[in-house]
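Engineer: So that we are looking at the same thing, I have put the structure below in structure tokens.
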Amino acid sequence: MFELNPLGKILIFFGVILILIGGAILLAGKVPWIGRLPGDIFIQKKNFTFYFPLATSIIISIILTLIFSILGRR
């Protein structure tokens, strides 16, 4: 018979990941410098707005790389 135990563990894992991502998104709104760094591209015209958080993306990438490299050294 097919066992559902591994599927349940995978679903719980992805649920925890989604909760962590949701919490990070909620907390990101309270950090005043997220999305407003020098290097973030913001163009606003009459009927057009373009925003690309380039510097913020680079900073978040560096932080995540450091976290995953520290956690991956087991």
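The values are calculated or read from the model by the stated rules, or taken from the named source; none is laboratory data. These figures come from a predicted structure and were not determined experimentally. Note that we place each Cβ from the backbone using ideal geometry, even for glycine, and neighbour counts take in every protein chain shown.
Engineer: Which one of these does residue 17 not meet: (1) surrounded by 10 or more Cβ atoms within 10 Å (Cβ to Cβ); (2) aliphatic (A, V, I, L, M); (3) assigned to a loop (DSSP other than H, G, I, E, B); (4) free of Cβ contacts under 8 Å to residues at least 12 places away in the same chain?
Structural biologist: For residue 17, the exception is condition (3).
Engineer: Ok, one more. Out of (1) at pLDDT 90 or above; (2) in contact with a Ser or Thr (Cβ under 7 Å, 6 or more places away or on another chain), the odd one out for residue 11 is which?
Structural biologist: (2)
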